[in-house]
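The values are calculated or read from the model by the stated rules, or taken from the named source; none is laboratory data. Please read all numbers here as calculations on a predicted model, not as lab measurements. Please note: Cβ atoms are built from the backbone with ideal geometry, for glycine as well, and neighbour counts cover all protein chains shown. The area values use the complete protein model at the heavy-atom level, side chains included, leaving out ligands, DNA and RNA. Shrake-Rupley method; radii C 1.70, N 1.55, O 1.52, S 1.80 Å.
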Amino acid sequence: MGIEWNSDLISGFEEIDLQHKDIIDLLNRLLEANKSSNDPDELVSCLVNFTRAIQEHFDFEEALLAKLGYRGLKQHKAGHQEIAETLNGITLSAMLDEASVSPESINSVVKWFEEHLTSEDLKYFKAIKQSQD
């Protein structure tokens, strides 16, 4: 149940697209590590790397949207905060007890990211494009 980069996900903004591609790559590695689960350290490493990348992306995205005066920023940030808290909890659980990370918890993160990318992010892509016109 991974995510593949495709033309439907292109924002038209190089920096955002590069970040999204990187996050998708890290997310797919996380899924693979969780599925094989032969190496608990690999799972923790994947979680830490994914969590770091997604937080950096959220910070970049929120700063950009604030600069543009995006009206939906408060709601967008709330979605980021929610998944960040979930990811931090999953990562902490993995660090303390690798057996406590369920495939369902990882899959819920994948589903959230995919839905966020294809719905919430599309809203601000339009706002950014309009501000550039």
>> Go through the range 79-133 and report how many residues are open to solvent by less than 60 Å² (accessible area, probe 1.4 Å), of a type in the set (A, V, I, L, M) and part of a helix (DSSP H, G or I).
In response: 11
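Residue-by-condition table, conditions (1) modelled with pLDDT of 85 or more; (2) in contact with a helix residue (DSSP H, G or I) (Cβ under 8 Å, 6 or more places away or on another chain):
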site	(1), (2)
Ser7	no, no
Ser11	no, yes
His20	yes, yes
Asp39	no, yes
Thr51	yes, yes
Gln55	yes, yes
> Is it true that Leu87 is within 18 Å of the chain's Cα centre (by Cα) and of a type outside the set (Asp, Glu)?
Replying inline: yes
> Would you pick out the residues in the range 54-71 that are closer than 18 Å to Asp22 by Cβ and either without any contact (Cβ under 8 Å) to a residue 40 or more places away in the chain or open to solvent by less than 40 Å² (accessible area, probe 1.4 Å) (or both)?
Replying inline: Ile54, Gln55, Glu56, His57, Phe58, Asp59, Glu61, Glu62, Ala63
> Based on what the data block shows, is Glu82 out of contact with any His (no Cβ under 7 Å at 6 or more places or on another chain), without any contact (Cβ under 8 Å) to a residue 40 or more places away in the chain and not polar (S, T, N, Q)?
Replying inline: yes
